[in-house]
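The values are calculated or read from the model by the stated rules, or taken from the named source; none is laboratory data. Quick caveat: nothing in here was measured; it's all calculated off a predicted structure. A quick note on method: Cβ atoms are made from the backbone with ideal geometry, for glycine too, and the neighbour counts reach across all protein chains shown. The protein model used for the area step is the full one, side chains on, heavy atoms only, and it has no ligands, DNA or RNA in it. Shrake-Rupley method; radii C 1.70, N 1.55, O 1.52, S 1.80 Å.
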Amino acid sequence: MKKRLMLFTSLLLTFTLVLAGCSGGKTDDKKAAGDNKTLTVSVEEIYKPYVESIKDKFEKDNDVKVKIVTKQMFDQLEAIPLDGPAGKAPDVTLGAYDRVGGLAQQGHLAEVKSLSSDDFSDKEKNLVTSEGKQYGVPAVIETIVMYYNKDLIKEAPKTFAELEKLATDKKFDFASESGTNTAFLAKWTDFYYSYGLLAGNGGYVFGKDGTDVDDIGLNNAGAVKGVEYAKEWYKKWPKGMLDNKSAGDFVTKQFTEGKTAVVIDGPWQAATYKKAKVNYGVTSIAKLPGDKDYSPFAGGKAWIATSYSKNPDLAQKWLAYAGNADNAFKFYEDTNEIPANETARDKAAKTNDELTNAVIDQFQTSTPTPTIPEMSEVWTGVENLMFDAVSGKKEPQASADAAVKVIKTNISEKYESK
């Protein structure tokens, strides 16, 4: 009997310890889960105040702590492939549209199952689409626009024919180079700026909405026509416009000093013009000859979730939350960057801000920047396309053909396994 009692006591003690261990394990698991319920959001320093302003509601609604990491956007995007497998990648971040495709195809981004058609048109959706799937929520849109000096001309030229006439005005002659004129300037040796000229005439990067790498239209008749037209302008411009490294500074200097009436540039230049106290106006780019629309690249940024998130469901919720109409408009209020969310964009348009409406109007004729990885080979391949043609080094068709050959060769060598 005594032995049986001792055995029963021993078994009871063992059972009690097991229960205690199980109970302690559950408590620790819950604690660990609570400790890990943190969502890491990576943004550049300038966007940190915005994230701080909207995170409290998200934290409360989702019982989560939002941790903000500040890092340059492109540095963060470059780091994801290495940081992800090492467990150091953020849950969500802002990413340039033209980087989405490459990261997605390499498996570094989480797919977004659906984007509301009430908030985004197909054009915005295409900016985050790769191989038929969406990998982010569009945050902001961006295009180049046209600035003009209100002290030099009464209203913005609506056609390039008007710009051509303006370029005959002797008051815009460039003093140190006889026969040249700076009434209108555009940094067309930079493909980002000149693409709208080529595309407006019928050129394109890739066929099938920017997805067919076997169909490159940068040397077709329309693209070459655009290059030929640019060549006529370079005959009127000072030699400084041929130096791609310094042409941008030259354009800015001439405009801020009141020696140029009209320039094509990005919305980011507005701050420089304000600082220089230029009485400027801004609008969509003038119509090309033949009443054709200038069709620049549509760029910007999206909220994206990495595929390495420890809280993938929360990451998806953040994308939807940050990209909704209210928060997209607040982003606009804080940064003056134009919302991709159409509801927020309509609200932004009603502020009657000139720059805002210029970008919105120009976006209508813009071309979504291809998001496929092969786009990186385009930027490299076209570096000399415009320079070789307008400098007389090559004929426009030959220059365009050479650029396309480089693009095709690089794509073949780098993506031949695909």
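A viscosity of 0.692 mPa s and a temperature of 37 °C, combined with the Kirkwood radius over Cα pairs in Stokes-Einstein, give a translational diffusion coefficient for region 260-418 of 170 µm²/s. Solvent-accessible surface of the chain, averaged per residue with a 1.4 angstrom probe and all protein chains in place: 49 square angstrom.
Between the alpha-carbon centres of region 197-246 and region 335-354 there is a gap of 30 Å. Among the GluC sites (Glu not before Pro) within region 363-418, those in coil by DSSP and having at most 12 neighbouring Cβ atoms inside 10 Å are GLU416. In this structure, the amide hydrogen of ILE68, modeled 1.01 Å from its nitrogen in the peptide plane, lies closer than 5 angstrom to those of VAL41, counting only residues at least 5 positions away or on a different chain. Here is the list for region 117-210: trypsin sites (Lys or Arg not before Pro) lying in DSSP coil, each with at most 11 other C-beta atoms within 10 angstrom of its C-beta, are LYS154.
In the chain, a dipole from Cβ-located charges (positive for Lys and Arg, negative for Asp and Glu) runs towards its positive end, and of PRO157, LEU82, THR260 it is LEU82 whose Cα lies farthest in that direction. The Cα trace of region 164-238 gives Rg and Dmax of 15.4, 48 Å, the first to one decimal, the second as a whole number. The mean sequence distance of close C-alpha pairs (under 8 Å, at least 6 residues apart), as a share of the length of region 97-210, puts its relative contact order at 15 percent. Around TYR97, what is the net charge, scoring Lys/Arg as +1 and Asp/Glu as -1 over all other residues with Cβ under 10 Å from its Cβ? Once all neighbours under 10 Å are counted, the net charge is -1. Give me the tail of P(r) for region 192-330 as a percent: Cα-Cα pairs with distance above 19 Å. Summing the P(r) of region 192-330 above 19 Å gives 67 percent of all pairs.
Charge tally for GLY207 (other residues, Cβ to Cβ under 11 Å; Lys, Arg +1; Asp, Glu -1): -3. Among DSSP beta bridges whose residues both lie in the chain, state the antiparallel percentage, nearest 5. Counting only bridges with both partners in the chain, antiparallel ones make up about 65 percent. Measuring between alpha carbons in the structure, the pairs from LYS71/LYS274; LYS57/LYS113; LYS187/LYS350; LYS125/LYS225; LYS113/LYS187; LYS158/LYS275 lying more than 29 angstrom apart are LYS187/LYS350; LYS125/LYS225; LYS113/LYS187. Scanning residues 5 or more positions from ALA298 or on other chains, those with amide H under 5 Å from its amide H are THR367, THR369, with H placed 1.01 Å from N in the peptide plane.
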